[in-house]
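One structure below.
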Amino acid sequence: MSHLPTMGSGPREPVLGGPLNRLRTPWSPLRRVCVTLACVMGLGAVQAADYSGPLFDAHLHYNTEAWGSVPGAGGPYPLPDVLGRMQRSGVKAIVANSRPNEGTRALAEATDATARAGVTVVPLVRLYRDRQDYHQWFGDESIYRMVLDELARGTPAGPYRGLGEFHLYESRHAKGPVAQKLMALAEERDLVVLAHVDDAAIDLLMAATPSKGQRLKLIWAHTGIGGTPVPRVAELLARYPGLMGELSYRPGLVCEGGLLCPEWRALMLRFPDRFLVGSDTWTNSRWPQYEDLMRAYRTWLGDLPAPVARQIGWGNGARLFGLP
């Protein structure tokens, strides 16, 4: 944010551009009013308004806990409820990935409802049939076959556009045979990967691709949920041109007043085309918070230059998935 200059002890004349700077007569009541108004206007200029443009939620789950036994129609959060939350939040597109994939298919099949809500569904194949798969998918050949079957099947919203979200709780599991095969497949088929991993696993996953990470499009969920230092994040962004940072749950992102901490603001200004926002509705407790989460993004986006705010809030996701 900008700061007002401190008053010095020099001549008591306003240091202002434009016509006021040409007034060299002694201080008059009119001049005092003019300067006061100018200061008030200046103060208003440094208090940025929240970002009001469209949002692209690049990390959304519609898991079985939300819809129960009937995808989209049962459970505590049926489709009309969740789409209403998105619409009220100004979310115009979502990356849908769910456990199991029936949740994503329910969103993709609801073409009339999503059109009324103004929400575009971008479907990804999730690697999980149940919670047990979180801990073993990277070495389970049945997961690889399931992914191939889902990709061949597609969705009513169009083909699947990527793979994930998946988790690697230990970096070394990025060397698992299925993890390696899926990274190569993603690059070969131009699929976007959504990965909840640490920074060491980013390098290992990229190394598994034919281009050694120079062509793979990978969304790094939370951009290092364990608190990867900002210089290390910058190093990875510089190394891999297709790496994008999604910012839900990111430690150290926001400081006083809900605005970006200085090192994160500087990083986004350096890499304005590499960040995304997301809700990560991994548990039902996130759905009641959905609108507050999006408002919090709008607060710190509003403190960025307008073109950068729109890039991070909407444009980067739209570009990544070919939306207008």
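The values are calculated or read from the model by the stated rules, or taken from the named source; none is laboratory data. Predicted model only: the values in this text are computed from it and were never measured. Note: ideal-geometry Cβ built from the backbone for every residue, glycine included; neighbour counts use all protein chains shown. Each accessible area value is taken on the protein alone, full model and side chains, heavy atoms only, with ligands, DNA and RNA left out. Shrake-Rupley method; radii C 1.70, N 1.55, O 1.52, S 1.80 Å.
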Roll a 1.4 angstrom probe over the protein heavy atoms and tell me the percent of accessible area of the chain that is carbon or sulfur. 58
Can you give the three extents of the C-alpha atoms in the stretch 196-252 along their principal axes, from longest to shortest, in whole Å? 34, 19, 16
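Please report, in whole Å³, the volume per residue of the convex hull around the C-alpha atoms of the chain.
Value for the chain: 158 Å³ per residue.
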Restricting the stretch 162-225 to chymotrypsin sites (Phe, Trp or Tyr not before Pro) in coil, as DSSP defines it, with at most 12 other Cβ within 10 Å: TYR169
Distance histogram for the stretch 139-271 (every C-alpha pair counted, 10 angstrom bins, percent rounded to whole numbers): 12, 42, 30, 13, 3
Cα coordinate range in the stretch 61-164, projected on the principal axes (Å, largest first): 41, 26, 20
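For the chain, report the accessible area per residue in Å² (1.4 Å probe, heavy atoms, rounded to an integer).
Heavy-atom accessible area per residue stands at 46 Å².
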For a test of the definition: using alpha carbon positions, the gyration tensor, and the 1.5 limit on a/c, classify the stretch 223-324 as rounded, prolate or oblate. rounded
Kirkwood Rh, Cα atoms: Rg over Rh of the stretch 46-120: 1.05
